[in-house]
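A.B. asks: Just dropping this structure here.
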Amino acid sequence: MGAIGPGQSLACWTEPAWRRYCDDRRPIVLKPNLVKAAPPPITTPVALVAALVDYLQQARPGAKIVVAEGCGAKDYDTDHCFAALGYARMAMERGVELVDLNQAPLTRLSRPQYGRWPEMHLPSLLLDAFLISVPVLKAHTLAKVTLTMKNMMGAAPPARYQQGGTGKKPPFTRVFRRRWRTLTAIAAPTSPCLTPLLA
C-alpha cells in the first residue's frame, strides 16, 4: 500500500506500483465507500475520486478506468448513490465507467478451512483488476474504525448474502468484530491493491 502525505503528489504514491503491477491489459478499478446516498464524511468525496481519475488518465492513457461500488441501502440501488453524490456526472465528464457491484457477474472463491464462509461469490471485475480502494476514515460501532478492509464489504453481492435486516450487507456487519480475520482471508482481492491514505 502507498500513502500520500501533506504536500505530496499522487505521482510519488503511484509510480512504484505502476512499475510493479499495473499494465494496460487489466482495468483500473476505484472502489469508493458509497454505503448510502449521504454526503461526506459518511461517503467518499467525489472530488477525491475525480482527482484520482485525472491522474490515472494522464499516467495510463490506454487503461480502462472503472469506478465500482455496491451500496448497502435497502431502499435504492447503487446507481442512485452515483447520481446523488455526483459520481454519474463525474464519470460522464471524464469518460469512465460506473459499475454497481451488487449487480456485477460473480466468481466463486473456495476457502474450505473457514467454517463461517467456506466459499464466497465476489464480483469478477475486482479479481482481474488493479484495485484502488478509496475508503473513508471514520469511527464505526463494530469495527471501531473504517478503512480498506471494511470498504471491501461493498463488494459482497446482496443476492448471495442479504439475510433480512435493515441493509443489504447484514451478515457481515453482525459478525464483523469477531470474524474480521476470516473475512480478510477469504475476501481479500487476488489482484494488486492500493489504498491512498490522505492526511
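A.B. asks: Restricting the search to segment 126-153, which residues are outside any loop (DSSP other than H, G, I, E, B), at pLDDT 80 or above and buried (at least 16 other Cβ atoms within 10 Å of the Cβ)?
C.D. replies: Scanning segment 126-153 gives Leu126, Phe130, Leu131, Ile132, Ser133, Val134, Asn151, Met152.
A.B. asks: Take Asp75 and tell me if it is under 16 Å from the mean Cα position of the chain (by Cα), of a type in the set (Asp, Glu) and more than 14 Å from Pro32 (Cβ to Cβ).
C.D. replies: For Asp75, the condition - under 16 Å from the mean Cα position of the chain (by Cα), of a type in the set (Asp, Glu) and more than 14 Å from Pro32 (Cβ to Cβ) - is not met.
A.B. asks: On to the next question. Search segment 5-60 for residues being of a type in the set (Ser, Thr, Tyr) and modelled with pLDDT under 85, and hand back the single one that is farthest from Gly154 (Cα to Cα).
C.D. replies: Result: Ser9.
A.B. asks: Is segment 96-111 home to any residue that is farther than 15 Å from Thr44 by Cα, in contact (Cβ under 8 Å) with a residue 60 or more places away in the chain, out of contact with any Gly (no Cβ under 9 Å at 6 or more places or on another chain) and among the hydroxyl-bearing types (Ser, Thr, Tyr)?
C.D. replies: No, that holds for no residue.
A.B. asks: Please find, within segment 45-63, the residue that is nearest to the chain's Cα centre (by Cα) out of those that are without any contact (Cβ under 8 Å) to a residue 40 or more places away in the chain and farther than 14 Å from Pro27 by Cα.
C.D. replies: Pro45
The values are calculated or read from the model by the stated rules, or taken from the named source; none is laboratory data. Everything numeric here is computed off the predicted structure, so don't read it as measured data. When we count neighbours, we look across all protein chains shown, and the Cβ atoms used for this are built from the backbone with ideal geometry, even at glycine.
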